[in-house]
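Worksheet: the structure to be examined is printed underneath.
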Amino acid sequence: LIGIYRDLAAARNISASDWNDMAWGTLFAPGAAEPNLEWAQKAVQLSQGRSLPIIQTLASVQAEVGRLKEARESILRYIGDRDPIDFGTFYVMGRIAEQLGFADVAISNYARIPKPARTNGVTLYDMAKMRIAAAQQLRK
């Protein structure tokens, strides 16, 4: 899968959505691929910062690579004036808490993400399940 992403990244004329999907996909390949901040930034650039899911992916990747201040800024931009806060925000806040060593806070945020009717293995819910397992290891 990562090889396919790299081939796609080398292609011309790929969309913001493609860059976003590739950046999101790297979050599901720990050990096989590093989270790709460049791809997430390219998606935001091509969408002119107008796509909330793309900004959420950027914040997720920033949190994953330890750029916590930037992740916080991105997620605040993502939230804007929305009420109630959506599930992507809970994921990023959980990831920031986990990176800071606050396992219980991270798990609490991840647990707020509901299971979708259908899952394909790369949903926000799937990512939250992976992170809950990792955060539980921090408790030990």
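Packing-based ranking of 84-97, 106-119 yields 84-97, 106-119, ordered from highest to lowest mean Cβ neighbour count within 10 Å. Mean projected area of the convex hull spanned by the Cα atoms of region 22-99, taken over all viewing directions: 4.8 nm². For region 90-99, the Karplus equation 6.51 cos²θ - 1.76 cosθ + 1.60, evaluated at θ = phi - 60°, returns couplings of 4, 4, 5, 5, x, 5, 4, 4, 4, 4 Hz by residue, with Gly and Pro reported as x. Put a dot 7 Å past the Cα of Asp86, heading toward its Cβ, do the same for Glu34, and the two dots end up 3.0 nm apart.
Heavy atoms only, probe 1.4 Å: what % of the accessible area of the chain goes to carbon and sulfur, would you let me know? Here carbon and sulfur together make up 51 percent of the probe-accessible area. For the peptides 40-46, 19-25, the ranking by mean Cβ contacts within 10 Å, running from highest to lowest, is 19-25, 40-46. Here the 3J(HN,Hα) profile of region 51-61, calculated from phi with Karplus coefficients 6.51, -1.76 and 1.60 at θ = phi - 60°, is 9, 4, x, 5, 5, 5, 5, 4, 4, 5, 5 Hz, Gly and Pro shown as x.
Result for the chain in a Gaussian network model with C-alpha springs under 10 Å: among Gln48, Gln62, Gln99, the largest mean-square fluctuation is at Gln48. Could you give me the percent of Cα pairs per 10 Å distance bin for the chain, shortest bin first, beginning at zero and ending with the bin that holds the maximum distance? Result returned by the calculation: 13, 43, 36, 8, 0.
The GNM of the chain, with springs linking C-alpha atoms under 10 angstrom apart, assigns the highest mean-square fluctuation among Glu98, Glu64, Glu38 to Glu38. Modelled label positions at Ala111 and Leu52, each set 7 Å beyond Cα in the direction of Cβ, lie 2.6 nm from each other. Of the residues Ala133, Trp24, Gly49, the one whose Cα sits farthest towards the positive end of the charge dipole of region 21-140 is Ala133 (charges of +1 on Lys and Arg Cβ, -1 on Asp and Glu Cβ, taken about the Cα centre).
The values are calculated or read from the model by the stated rules, or taken from the named source; none is laboratory data. None of the values given here were measured: they were computed from a predicted structure. No Cβ is skipped: glycine too gets one built from the backbone with ideal geometry, and neighbour counts run over all protein chains shown. Areas reflect the complete protein model, heavy atoms only, side chains present, ligands, DNA and RNA absent. Shrake-Rupley method; radii C 1.70, N 1.55, O 1.52, S 1.80 Å.
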